[in-house]
Amino acid sequence: MSVPLIISMLLISIYNLADAAWVAGLGADALAGVGYVTPIFLVLVGVGNGLGAGATSALSKYIGEKHKSKADNGAVHSILITIIISIIVSVVLLILLDPILIAMGSGNTIQYARDYGIIMFTGAILFILPNVMYGILRAEGDVKRTMYAMTISGVLNIILDPIFIYGLNLGVAGAAYATLLSVSIVILVLAYWFYVKKDTYLKPVWSNFKYNSEISKDILKVGLPASLEMLLSAIFAGLFSALLTIVANTDAVAVYSTGWRIVSIGIMPVIGISTASVSIIGANLGANRYENIRVTHRYSVKLSIIAAIITGIFVYVFSPQIVMLFSYSSNSAYLAPKMIQFLRLMVFFYIFMAIGAPSTFLFQGVGKGVTSMFQTLLRELVFTIIFAYIFAIPFGWGEYGAWWGIIIGELVACIVTFTWANDYVKRLIRSKE
């Protein structure tokens with residue numbers, strides 16, 4: 001299940017990465033402007049991933065319990081809940097966009113950020129809904145379709161970006177339009193499988209819907225906290241950008257925001273393995289096979305570490321070539337040396353993430369979304385921000401100290417989350433005995 005998921009997630013990352021690569025040709029200010037929107041954009045990604053995780057956790061449990069009709073009903077619940085939440089999120093983000101950008105210190109890049117953000121957040125449902133539909137497919141063990149849909153969409157986004165940005169002379173707004181058009185294709189493909197071809201195991205059709213508060217609760221008790229996890233990540237990115245603005249300048253934000261997109265792609269194998277474990281853990285929870293949950297957790301950690309080591313070596317060796325994608329114009333070329341330094345330092349982050357992520361996702365699989373969210377809170381808004389501040393300001397290391405804060409914060413977090421998950425599974429097994 002992990003391999004198609006990893007490929008799908010890599011293609012999802014291409015949306016934002018392709019935007020940044022093409023926008024880099026407009027100059028450092030345009031690149032920084034898009035970078036300031038990235039933390040807010042993570043809210044959309046987080047809501048979609050969170051609700052998708054809620055759907056996967058609940059539906060896989062029903063499948064493990066052999067309640068097919070309940071699982072079908074749950075699939076419809078997932079889509080309806082998503083539509084309602086998407087509308088709310090879109091309105092809130094559009095209202096708060098300017099205040100957030102000003103608070104982050106966007107300065108003279110705010111117009112670029114506004115041009116990009118307004119378009120992206122108006123189409124919020126186009127980013128959120130596909131992730132929930134993926135969650136339905138993951139619950140039944142079907143991850144290849146997700147990969148196919150995202151391949152089409154990702155390639156289309158890469159093609160449309162230069163056309164809209166330079167061909168139609170729309171600038172950063174063109175990157176947003178191209179992304180919205182590309183992601184719309186995914187919804188059409190998924191809708192075809194669910195409602196025209198009708199060959200999926202779960203049937204999210206209206207005739208299978210009957211409101212059930214228990215189902216809504218099962219979806220939301222994982223979906224909402226998981227959505228807030230990405231909101232916490234967005235808050236972290238915003239605070240981190242503000243810290244960089246204080247200790248350095250907007251160029252430091254451009255380096256971090258662009259470099260972090262690459263890091264986000266680098267950890268996709270780890271996230272893919274961890275995400276695949278959610279449906280397996282959920283099904284075994286429903287079947288009361290708790291020992292299998294421990295096997296799944298430990299195996300996920302081992303696979304993640306191997307994937308992280310391979311990814312880290314690749315990024316370290318080829319970081320100059322990777323950075324060329326974002327520093328090819330004369331306006332942004334001077335950022336290249338620091339981008340390379342950032343990418344090479346973040347190699348350590350991959351290893352620590354490989355231990356922490358499977359442990360956090362385990363709690364999504366067993367339906368404990370609040371625990372998963374609390375671990376993310378510790379990781380990003382407690383450990384990482386505290387260490388970043390200490391190294392950057394009291395130690396006087398500036399932006400390099402902030403980078404080290406990410407590494408040390410993740411190290412401490414992975415120790416805490418792995419120990420927590422291991423202890424929880426032991427208690428789960430003892431309770432059955």
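The values are calculated or read from the model by the stated rules, or taken from the named source; none is laboratory data. All values reported here derive from a predicted model rather than from experimental measurement. Quick reminder, even Gly has a Cβ in these numbers, built from the backbone with ideal geometry, and neighbours come from all protein chains shown. Only protein heavy atoms, including side chains, enter the accessible area calculation; ligands, DNA and RNA are left aside. Shrake-Rupley method; radii C 1.70, N 1.55, O 1.52, S 1.80 Å.
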*asked:* Using a 1.4 Å probe on the protein heavy atoms only, what accessible surface does Lys338 show? Give it in Å² to the nearest 10.
replied: 70
*Suppose R0 equals 30 Å; then what is the FRET efficiency for Glu65 and Val196 from their Cβ-Cβ distance, rounded to the nearest 0.05?*
0.55
_Val155 versus Ser184: modelled label distance in nm, points set 7 Å from Cα along the beta carbon direction_ = 2.1
*From phi via Karplus (6.51, -1.76, 1.60), per-residue ³J(HN,Hα) for region 299-315 in Hz, x at Gly/Pro*: 5, 4, 5, 4, 4, 5, 5, 4, 4, 5, 5, 4, 4, x, 4, 4, 5
*What is the distance, in nm, between label points placed 7 Å from the Cα along the Cα-to-Cβ direction at Tyr148 and at Tyr166?*
3.4
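Using a 1.4 Å probe over the heavy atoms of the protein chains, calculate the carbon and sulfur portion of the accessible area of region 132-229 as a whole percent. Present the calculation step by step, with values, prior to reporting the outcome.
Values: 2940 of 4430 Å².
Whole-percent figure for carbon plus sulfur exposure: 66.
What does the highest-first list of 377-387, 73-83 look like by mean Cβ count within 10 Å?
Values: 377-387: 19.4, 73-83: 22.5.
The most tightly packed comes first, giving 73-83, 377-387.
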*Which of the peptides 118-124, 399-405 is most tightly packed, and how do the rest follow, going by the mean number of other Cβ atoms within 10 Å of each residue?*
399-405, 118-124
*Kindly flag which residue pairs out of Lys66/Lys368; Lys66/Lys197; Lys61/Lys144; Lys197/Lys432; Lys61/Lys426; Lys221/Lys338 have an alpha-carbon separation exceeding 32 Å in this structure.*
Lys197/Lys432; Lys221/Lys338
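Working out 0.36 nm times the residue gap between Phe209 and Ile84, then minus their Cα-Cα distance, what length gain in nm do you get to one decimal?
Numbers: separation 125, 0.36 × 125 = 45.00 nm, distance 1.61 nm.
Taking 0.36 nm per residue and subtracting the Cα distance, the gain is 43.4 nm.
Let me know the shape class of region 159-302, please: from the alpha-carbon gyration tensor, a ≥ b ≥ c as square roots of the eigenvalues, rounded when a/c is under 1.5, otherwise prolate if a/b is greater than b/c, or oblate. Mind showing how you got there, number by number?
Values: a/c = 2.23, a/b = 1.35, b/c = 1.64.
Oblate, because a/c is 1.5 or more while a/b does not exceed b/c.
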*How high is the FRET efficiency from Val416 to Ala103, r the C-beta distance, R0 30 Å, rounded to 0.05?*
0.50
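Need one number for the chain: average projected area of the convex hull over its C-alpha atoms, nm². Don't skip to the end; give the middle numbers.
On the way: hull surface 76.4 nm².
So the mean shadow area of the Cα hull is 19.1 nm².
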_Cα centroid separation - region 48-67 against region 153-192, whole Å_ = 30
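Before rounding to the nearest 500, sum -39500 (n - 2.57) across all DSSP H runs of length at least 4 in the chain and divide by the residue total; then give [θ] at 222 nm in deg cm²/dmol. Walk me through the numbers on the way to the answer.
On the way: 16 runs with 349 residues, N = 433.
Helix contribution divided over all residues of the chain: -28000 deg cm²/dmol.
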*Which whole-percent values make up P(r) of region 52-151 when all C-alpha to C-alpha distances are grouped in 5 Å steps starting at zero?*
2, 13, 18, 15, 14, 11, 10, 8, 5, 2, 1, 0
*Mind checking region 196-234 for chymotrypsin sites (Phe, Trp or Tyr not before Pro) that DSSP puts in a loop (not H, G, I, E or B) and that have at most 12 other Cβ atoms within 10 Å?*
Tyr211
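Just add up the charged neighbours of Ile407: K/R +1, D/E -1, any other residue whose Cβ is under 15 Å from the Cβ of Ile407. Present the calculation step by step, with values, prior to reporting the outcome.
Working: positive: Arg344, Arg379; negative: Glu380, Glu399, Glu410.
With Lys, Arg at +1 and Asp, Glu at -1, the neighbours total -1.
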